[in-house]
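The values are calculated or read from the model by the stated rules, or taken from the named source; none is laboratory data. Just so it is clear, the model here is predicted, and its values are computed rather than measured. Cβ sites come from the backbone with ideal geometry, for glycine too, and all protein chains shown count toward neighbours.
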Amino acid sequence: MGDTPPDPEPRPQQPSSRRSSQVSQRRSRELSHLPPTISEEVPRIAFDDRVLQSGQGILASQNNFQDWSSGPLLTQQENLTMFQAEEDQLGGVEYPSLNMGFQPQPYLEEGGIQAARNTSLMQQLQQGQGSLFQQLNSAYLETQPNFLGQFSMYQGEDLQFNQGAPHGPYMRDDPALQYSPSELGFMPFNVEVPEPEPRELAVQNAKAYLLQTSVSCSLSLYEHLVNLLTKILNQRPEDPLSLLESLNRTTQWEWFHPRLDTMRDDPEMEPTYETADRQKGLFLRSGAAGEGEQEMEEEVAETAVPNVMETAFYFEQAGVALSSDESFRIFMALKQLVEQQPIHTCRFWGKVLGLSRSYLVAEVEFREGEEEGEEEEVEEPMEGGEGLDAHAEEEGEEDEEKVTDVIPKPMWKPPPVIPKEESRSGTNKYLYFVCNEPGRPWTRLPHVTPIQIVQARKIKKFFTGYLDAPVISFPPFPGNEASYLRAQIARISAATHISPLGFYQFGEEEGDEEEGGAGRDSYEENPDFEGIPVLELVDSMANWVHHTQHILPQGRCTWVNPLQKTEEEEELGEEEEKADEGLEDMEQEVGPPLLTPLSEDAGSLRTSTLAGATSTVPRTSTPLCQPPFSTSTPAARKSWK
Amino acid sequence: MDAESLLLSLELASGSGQGLSPDRRASLLTSLTLVKRDYRYDRVLFWGRILGLVADYYIAQGLSEDQLAPRKTLYSLNCMEWSLLPPATEDMVVQTSVVKGRFMGDPSHEYEHTELQKMSEGEKVFEEEVVVQIKEETRLVSVIDQIDKAVAVIPRGALFKTPFGPIHVNRTFEGLSLSEAKKLSSYFHFREPVELKNKTLLEKADLDPSLDFMDSLEHDIPKGSWSIQMERGNALVVLRSLLWPGLTFFHAPRTKNCGYIYVGTGEKNIDLPFML
């Protein structure tokens, strides 16, 4: 049946939906330039693409006024009618609106006339609509010239629609457009303006072609190029040719992703704003507190808040630094902590990096007499547990005497639980608070137990950033991430907090004897400290001393014999006593006393494994999963030098 | 990180706690511009710092027009005088894989490694202990190369491939959007692609050949070897490698700022699968 339908792809695209507002926009633009926007006003029709593309010209003109005069349904029917008539009656049917599409606004009023014609056309609707689409293309092409002759309404325009010359007196300007006779086939038309020059006509045709839009895309090439060139001219980038493809892509993207209305909240930026709000609270609170009470001025000198900015400055000189605004925020957060809790001294211990979030750790001492309520709650369940165990064992013994056939009790007894150290002594000398970010509330970490330290020495795990996350490892760690964090903090503090020799000294006590290594556990600042020259500090490790207590293999700083019989254990049967006797010869563990110089650290003269080099620099003893940013007291710690 | 935006990049990458002292920063600013002029590089990157026991190595890299071409690596001990390092070869990597432990900090330091080699003299075959000397410089080169191949990161869209082959910096890169920034698939390894050809056709159909020509971080083994965090609310996304601890990649979404820096001991974290 006629020519094969031209390839629909290269055709200029038609829109599948047009909002009436766009219609009006286009219309107003049309006024300014003559060439009709052929495909703009196609309303949403249930046609497939092929139909639309093939019937472009017809549709466009048809629908230009259909929008205004009748609903889309009518238009659809009108189109059907058109095509129907096309194939059945090649002549004698009026298609008055065909030409009207290409006329500027003044012809809109003639929609009423169209309505009358529409009814007549609708009668033809009944005829074989099914075969409509298949024959559409061919019929369309064939009837192209005939169409023009059917415009009885506009006799005057017939001059331009000679049947004999299917393409009219104007020349098809774009040789590439072999397949779309329709758009170019119809003249830009205005009775009032004299017929334009052929060249001008060609330009207008080209522009008309560029202004087309398609079913799938509402952006015409013309508009896109306008946007692109405007963008380039506004921004004036260097070497625009090399940027052309990228700019092309971004311009298109911007068309389809318009910026949100300023009144709406950007959902992606929500967390940023929340954090900013929280941190604003940090700054405001400190301001309010300062202004509120004049009494605060007296206490300024004694405030527990450390001068984080000063220490950060020194660390920055050493190459270990958080950015300055982060340091300031940490300072604000510590201030907040000091206000909330009864704190005697406070120090920024450091930052521990985690997988999802990081921890900021503050080392804190409560004021004298401030007993932490949480402590007692934790202890009670433990005592309850021990009582139950004793009771269960007693019952077991009774059963044994009565029943002969009983499952043998396992001889294994778990090793005795080593009691944790008292607060304010040994590993629990300080309390630690953590938070994820400055502005978030501070959480207190529980005291560390010796078994946790012992187990922490055996495993190596990353921190996730959530305190209640379980620590899944082998050997199993007794506790969740909060306990693991606390254990690591204890180990790091014990191993790496150092100061120059002489900065701290032991207080003068009357009882100066050693108790088998339990020695002194307190020190005080030496008022007569004069400082050691930097060269000496770098050269010899003997000028640096530890000022935290070493943790024994047991997990405590002071040794405790776990086999000492407590009152509860004495109530147990004889069997346990016999088992205990074998273990009584446990040795007391001894560690280096406080204020031991670094030169006596284990590993100071150790040769490193395969490299064969002798390393005379003491290594930090604890292998850490993430390098924590740990600080010591006011003397800057020189680690890697 | 680009030497041209050094200060801002250092500031953004400082969340890991390892920064540079002000005197180092100032020296870097001046010396890197001189390096760019002298060696005629298109772009100079400050790669990072390898911590040694006695001294630290500061590493810079120079790139030519083609971003994926082999880079020239320079090192310095004081951030002022830079020395060119030889390019890495396979042999170097194999040789230095036996060296463990920290870097000394002295480039002329030699590690002694004894190995048993089979020597044949005439008909006898016996094993003899041979002491192999490995220079620290060689070790440095191979470590830098390994880190680059394993964990150098670039966001999707920052580079684009031209039809002629060379890879250029995309000057219209406006940054990743927030939703894209949180996904590992929007970040690529900054090296020649290895896994790309193994993708199925279906996957390849969705790729844009001018942008997706490198491997993404999504399929790194072991899974979870990257820690991705948002800092400062959502204003900064930071990726930290867990395989080479110390490598930090930062990107401010919706802006062009991105870069990576390595500050660490130069040791691979082989315990990674146990630590996750």
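Annotation: B:Thr265 fulfils all but one of (1) away from every other protein chain (no Cβ under 14 Å); (2) among the hydroxyl-bearing types (Ser, Thr, Tyr); (3) farther than 27 Å from A:Met269 by Cβ; the unmet one is (1). If the condition is being out of contact with any Phe, Trp or Tyr (no Cβ under 9 Å at 6 or more places or on another chain) and aliphatic (A, V, I, L, M), then the stretch B:56-88 contributes B:Ala69, B:Met80, B:Ala88. Based on what the data block shows, is A:Leu334 modelled with pLDDT under 50 and either of a type in the set (A, V, I, L, M) or assigned to a loop (DSSP other than H, G, I, E, B) (or both)? For A:Leu334, the condition - modelled with pLDDT under 50 and either of a type in the set (A, V, I, L, M) or assigned to a loop (DSSP other than H, G, I, E, B) (or both) - is not met. If you go through the stretch B:127-137 one residue at a time, do you hit one that is more than 14 Å from chain A (Cβ to nearest Cβ) and free of Cβ contacts under 8 Å to residues at least 12 places away in the same chain? Yes, the stretch B:127-137 contains at least one residue that is more than 14 Å from chain A (Cβ to nearest Cβ) and free of Cβ contacts under 8 Å to residues at least 12 places away in the same chain. Selection within the stretch B:158-179: residues that are more than 9 Å from chain A (Cβ to nearest Cβ) and within 16 Å of B:Met214 (Cβ to Cβ). The member of this set that is modelled with the lowest pLDDT is B:Gly165. Residue count for the stretch B:76-96 satisfying the condition of being under 12 Å from B:Glu136 (Cα atoms) and among the polar types (S, T, N, Q): 2. Residue pairs whose Cβ atoms lie under 7 Å apart, sitting 6 or more positions apart in sequence or on different chains, and linking a residue in the stretch A:273-285 that is within 20 Å of B:Leu236 (Cα to Cα) to a partner that is in a helix (DSSP H, G or I), are A:Gln279/A:Arg329.
Being among the aliphatic types (A, V, I, L, M), surrounded by fewer than 23 Cβ atoms within 10 Å (Cβ to Cβ) and under 28 Å from the mean Cα position of the chain (by Cα) is the filter here; which residues of the stretch A:338-365 pass it? Hit for the stretch A:338-365 is A:Leu355, nothing else.
Every residue in the stretch A:424-439 that is surrounded by fewer than 17 Cβ atoms within 10 Å (Cβ to Cβ) and either hydroxyl-bearing (Ser, Thr, Tyr) or within 34 Å of the chain's Cα centre (by Cα) (or both), please.
Answer for the stretch A:424-439, where residues must be surrounded by fewer than 17 Cβ atoms within 10 Å (Cβ to Cβ) and either hydroxyl-bearing (Ser, Thr, Tyr) or within 34 Å of the chain's Cα centre (by Cα) (or both): just A:Ser425.
Looking at B:Arg139, B:Arg171, which is the one that is among the basic types (Lys, Arg) and crowded, with 20+ Cβ neighbours inside 10 Å? Step through it out loud before you land on a result.
Values: B:Arg171 fails: crowded, with 20+ Cβ neighbours inside 10 Å.
Unique residue meeting the criteria: B:Arg139.
Annotation note: of A:Glu508, A:Glu524, A:Glu481, the sole residue that is acidic (Asp, Glu) and either buried (at least 21 other Cβ atoms within 10 Å of the Cβ) or at pLDDT 90 or above (or both) is A:Glu481. Taken over the stretch A:309-332, residues that are of a type in the set (A, V, I, L, M, F, W, C) and more than 14 Å from chain B (Cβ to nearest Cβ) amount to 3.
As an exercise: evaluate B:Asn269 against (1) part of a loop (DSSP other than H, G, I, E, B); (2) out of contact with any Lys or Arg (no Cβ under 9 Å at 6 or more places or on another chain); (3) under 25 Å from B:Leu68 (Cα atoms) and give the number of the one condition it does not meet. For B:Asn269, the failing item is (3).
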